[in-house]
Structure formats: structure tokens, C-alpha cells
1. Among the residues of region 68-82, are any part of a loop (DSSP other than H, G, I, E, B), of a type in the set (Gly, Ala, Ser) and at pLDDT 95 or above?
2. Only one of Val115, Val137 is outside any loop (DSSP other than H, G, I, E, B), modelled with pLDDT under 95 and of a type outside the set (D, E, K, R); which?
3. Against the definition (within 17 Å of the chain's Cα centre (by Cα) and either outside any helix (DSSP H, G or I) or not basic (Lys, Arg) (or both)), how does Gly167 come out, yes or no?
4. So Val99 passes all but one of these: (1) of a type in the set (A, V, I, L, M); (2) surrounded by fewer than 20 Cβ atoms within 10 Å (Cβ to Cβ); (3) under 14 Å from the mean Cα position of the chain (by Cα). Which condition number does it fail?
5. Which ones in region 36-67 are crowded, with 22+ Cβ neighbours inside 10 Å, outside any strand (DSSP E or B) and in contact with a Phe, Trp or Tyr (Cβ under 7 Å, 6 or more places away or on another chain)?
6. Of everything in region 108-126 that's closer than 24 Å to Pro163 by Cβ and in contact (Cβ under 8 Å) with a residue 24 or more places away in the chain, which residue is surrounded by the most Cβ atoms within 10 Å (Cβ to Cβ)?
7. Which of (1) crowded, with 19+ Cβ neighbours inside 10 Å; (2) assigned to a strand (DSSP E or B); (3) touching a residue at least 24 places away in the same chain (Cβ under 8 Å) is the odd one out, the single condition Phe183 does not satisfy?
Amino acid sequence: MMLKTFTCLGLLVTGAAYADALTDADEIVRQSNLASYYAGADGRSEVRMIIRDPQGRQQRRQFTVLRRNVEAGGDQQFLVVFSQPSDVRNTTFLVHKHVDRDDDRWLYLPGLDLVKRISAGDKRTSFVGAHYFYEDVSGRRPTDDKHELVETGDERYVLKHTPRDAGSVEFASYTTWIDRETFLPMKIDYVNAAGDVYRRVEVLEVTEIDGHPTVTLSRVDDLAGGGRTDMQFRHIRYDVGLPETVFTERSLRNPPREHLERPVQ
């Protein structure tokens, strides 16, 4: 989610769609961004995260993601509330995502009863000890990079992306493989200054939910240091009618339990 609820998809389109390949890299990225993060007016999902270190030891995280579009393709709001394990229970992450300036991000640490403001420089650091970054949760602004279409295959577009502000990120560039039917990025390889791929994000499972192709399993691999994190998305719903009051600083210490409870099927 969000990390659309973070993971990518594919279904629904006839072979005729492949005949009309796009050639504008910016338009492909725009549609990919909409498909990945803007399905429905809002959304809810439960996420189970399994973190493996280079020695194969595992940690688990479980949390619920709530997401609201302020406007389609524009500003968004995200609330992430952790439920497991006990040492991170009630840890809460709030994002006000902006298209024209740096996002506003807050993290509430219940053990310290502390609300921490996450600076723009921290958005590409580990999200609660996982191989996912804070920026992975709510998405990277398309305008932060220059986009180049390098290949159009039968099933996927391949694009190279170069940061406009190289000093603000740890990568020199990244390449995405975007599904031509769903416009979901199915694989992302991050390249360092030496030209080596050091980080990979992949979609492993996609399901159609409420008419939207949705990622239900994704993975990040640390190819340089070892280790990986899997994220499984469950109990996904769109257009649930989340009010704006859910996405305020008050929800950091007092999460909206009525919206976090699993919906009746």
C-alpha cells in the first residue's frame, strides 16, 4: 500500500493491449504510480513482514496500513499501526505525502512515549529494522527522478531512473520492469556508483481485489550485505470510507481502532 499496500499485480487485458505500447517514459511512470499507490479512494490492508538476516535468523512484524487519497495522483495520507511482536506493538507511522514538497512523516515510539519527526534525509533508511525503507511504504515521487524507456518487451516495459538530486539518495540509478497490462512494477534493481546492483525489490504474487490488481506478496533482497524481507498483504479492502481525521497526529498515540479492526467478510 501503499506500498499500494505494497506489491504488484497483473490481470485483465486482452492481447490487443500489447499492440498499443507507450513510448513516453514519463507517462509510463505516471500510470505505474497510479496503479501502485492510488487504487480506490482509500484502502486498508494487514501486512505480515518476515525479516531474515545474513545468517538466516528471522524476525516478524505485523501491522495494518490505512491509506487515503487527498486527490487522485496527488497528495496522500498513510497510517501504519504495528500489532506484533510485543516490543513494537502500538508503534505508529504517519505520512502526509506531498507531490510538490518533502513529505511530512512521524513515528510514535510507545516505549518512550515519543513522537519522532522523520526528516527528508531519513526516508531511505530502514523501516523498523526491515530491508524496506520508509520511502518504500508511501512511494517515491516520480518528479524526483529522470526516466528513460530502455526496452519494450511483450509483457513489460523496462525503464531506467536517475535521481535529479544525486546527493539525497544512496543509489546512482535504478531500473524497473513494469507490467504492460497492470502498470505495476514487478521488479526494481538499485545500482550503486560502482555500477553494481545492490538492492532488489520484487513482486511475487498478485491478486485482483475489488477490481484492482493488487500485490499480495513482495520481497526486498539486500544483495550486497545479505538478508531479505518478505511482505505478505492480507484482508485488503478498497473504498472503505476512511475520514481525514484518521490521519492526524492524534492518531499516533490514539490509533483509530474501529478502522484497524479486520472487516467482516
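1. No, region 68-82 contains no residue that is part of a loop (DSSP other than H, G, I, E, B), of a type in the set (Gly, Ala, Ser) and at pLDDT 95 or above.
2. Val137
3. no
4. So the condition that Val99 fails would be (3).
5. Matches in region 36-67: Ala39 only.
6. Arg124
7. (2)
The values are calculated or read from the model by the stated rules, or taken from the named source; none is laboratory data. Quantities reported herein were computed from a predicted structural model and do not represent experimental measurements. All Cβ positions, glycine included, derive from the backbone under ideal geometry; neighbour counts span all protein chains shown.
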